[in-house]
1. For the stretch 95-223, state the average projected area of the convex hull of the C-alpha atoms over all orientations, rounded to one decimal in nm².
2. Give me the number: length gained by fully extending residue 149 to residue 121, i.e. 0.36 nm times residue separation minus the C-alpha to C-alpha distance, one decimal in nm.
3. How long is the chain along each principal axis, judged by its Cα atoms, biggest number first, in Å?
4. Using the heavy atoms of the protein chains alone and a 1.4 angstrom probe, what is the accessible area of the stretch 1-127 per residue in square angstrom?
5. Could you point to the residue in 219, 152, 115 farthest towards the positive end of the chain's charge dipole, with +1 and -1 charges on the Cβ of Lys/Arg and Asp/Glu respectively?
6. Where nothing but the Cβ of Lys and Arg (+1) and of Asp and Glu (-1) is charged, how large is the charge dipole of the chain around its Cα centre, in debye to the nearest 20?
7. Please state the charge dipole magnitude for the stretch 1-86, taken about the Cα centre, from unit charges on C-beta atoms (+1 on K and R, -1 on D and E), reported in debye and rounded to the nearest 20.
8. Write out the cysteines belonging to the chain for which the nearest other cysteine Cβ is not under 4.7 Å, or none if no such cysteine exists.
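The values are calculated or read from the model by the stated rules, or taken from the named source; none is laboratory data. Here the structure is a predicted model, which is why all the values come from computation and not from measurement. With ideal geometry, Cβ positions are generated from the backbone for all residues, glycine too; neighbour counts draw on all protein chains shown. The accessibility values were calculated without ligands, DNA or RNA, using every heavy atom of the protein model including side chains. Shrake-Rupley method; radii C 1.70, N 1.55, O 1.52, S 1.80 Å.
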Amino acid sequence: EASNNCQYDWVVVTSSGSSQKYCGSTLPPTATYTGSVTVALHSDEAVQGSGFDLEFTCREAPPTPSPPTPSPPTPSPPTPTPPTPAPPTPVPGAEYLTLQNDGGRTVAGGAFGFLSDGYVSTYPAETDVAVTLEGNCELRWTSFDVEASNNCQYDWVVVTSSGSSQKYCGSTLPPTATYTGSVTVALHSDEAVQGSGFDLEFTCREAPPTPSPPTPSPPTPSP
């Protein structure tokens with residue numbers, strides 16, 4: 001039955017929460033609906049029509065994909081701990097000296113071996129410690145980390161030989177050098193920042209003895 005706004009009789013098609021009402025003799029449009037579709041007929045007590053016929057083809061709706069399971073957050077990698085330097089490979093006859101254990105010691109000439117600050121992780125605050133090596137000594141630095149500052153004013157390593165001193169700090173290796181007579185390696189630190197210290201290899205040869213002045217010959221008597 002036709003009427004304004006299909007108010008008496010109608011067919012209503014509902015899908016996905018949306019509805020469309022039809023009446024009269026005009027064919028509703030061919031349409032595709034997703035999920036499901038309901039076709040309903042309503043009539044009142046008065047005029048009726050002949051009804052309707054339709055053809056339908058329904059395919060199974062694909063399953064609704066499950067929301068992806070959130071992956072657990074990837075843990076941040078642990079902050080790497082700086083590796084503890086491996087002790088030098090033992091060498092027969094070598095000296096293994098540390099400022100921590102041998103501070104104030106004087107090592108006689110003819111020795112060779114290794115010298116380090118010897119402290120675990122970092123050297124302590126407010127320390128002054130030194131070792132003296134006698135003989136003609138070559139020092140070769142293998143690691144160095146002492147608080148850096150302008151003119152090495154806070155922490156430093158000072159190398160003293162033959163009345164001359166050279167102060168070092170930061171992370172640059174001091175140069176390999178040879179010292180005559182004896183050499184003293186000293187570490188100073190203030191109360192604040194500390195570094196991991198240093199390691200060096202030394203070879204000291206006994207200094208040759210100082211020659212005695214020649215004994216003067218007695219004067220030859222005049223004839």
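1. On the way: hull surface 41.8 nm².
Mean orientational projected area (the stretch 95-223, Cα hull): 10.4 nm².
2. Details: separation 28, 0.36 × 28 = 10.08 nm, distance 2.03 nm.
Net length gain for the segment: 8.0 nm.
3. 176, 37, 33
4. Values: 10290 Å² over 127 residues.
It amounts to 81 Å² per residue over the stretch 1-127.
5. It is 219, whose Cα lies furthest towards the positive end.
6. On the way: 6 positive and 22 negative charges, 149 e Å.
Here the chain has a charge dipole of around 720 debye.
7. Values: 2 positive and 7 negative charges, 129 e Å.
That gives the stretch 1-86 a dipole magnitude of about 620 debye.
8. Taking the Cβ cut-off of 4.7 Å, the unpaired cysteines of the chain are 58.
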